[in-house]
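Reading through the structure tokens given below for one structure.
Read-outs: derived from the displayed coordinates by stated rules, not from any lab. Keep in mind that this is a model prediction, so the values were computed, not measured. Here Cβ is always computed from backbone atoms with ideal geometry, including for glycine, and neighbour counts include all displayed protein chains.
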């Protein structure tokens, strides 16, 4: 009897301990998320922007904006509240996302999924020109990391989530867009295998 009581007490304490640790993780992640949202509200520079350094002159700048980036920004800001985004507009956005990649191109399906989710989010809560520009630059950094050598991918993903949540979007949809952007990296077609040397 005492042995079974001790066993159940042990299991109960272990379970409570595990639940306590789980809530600590949730609290920590929520705090990080709120910090990211506050950064967006306060105009903290995007992760793709070079950070000013006191010792060095600020000679590094973000790469010049291409016509493709400008076009995608225009497509995003043209979407009005509660408007139905035409299939042609989504197709143009998909084409622009694919054209942004200067090296390995993401898959058509990954770009189309991102365009669809961006259209849905912008229709629910239209993006300002500044937020659209920041978002497009973040996507460009994911597709072309060599253009933004000091950018950190996780910070970019966090910033994309913060942009949409600060814009009034719900967390679930913001996370879905982040997953779409991550999929651009992962969905790039694999290079063909290297030919093996014949013996």
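At a glance:
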item	result
When residues of the stretch 81-118 are limited to those that are part of a loop (DSSP other than H, G, I, E, B) and out of contact with any helix residue (DSSP H, G or I) (no Cβ under 8 Å at 6 or more places or on another chain), the one nearest to residue 143 (Cα to Cα)	104
Any chance residue 165 is part of a helix (DSSP H, G or I), under 24 Å from residue 32 (Cβ atoms) and free of Cβ contacts under 8 Å to residues at least 60 places away in the same chain	no
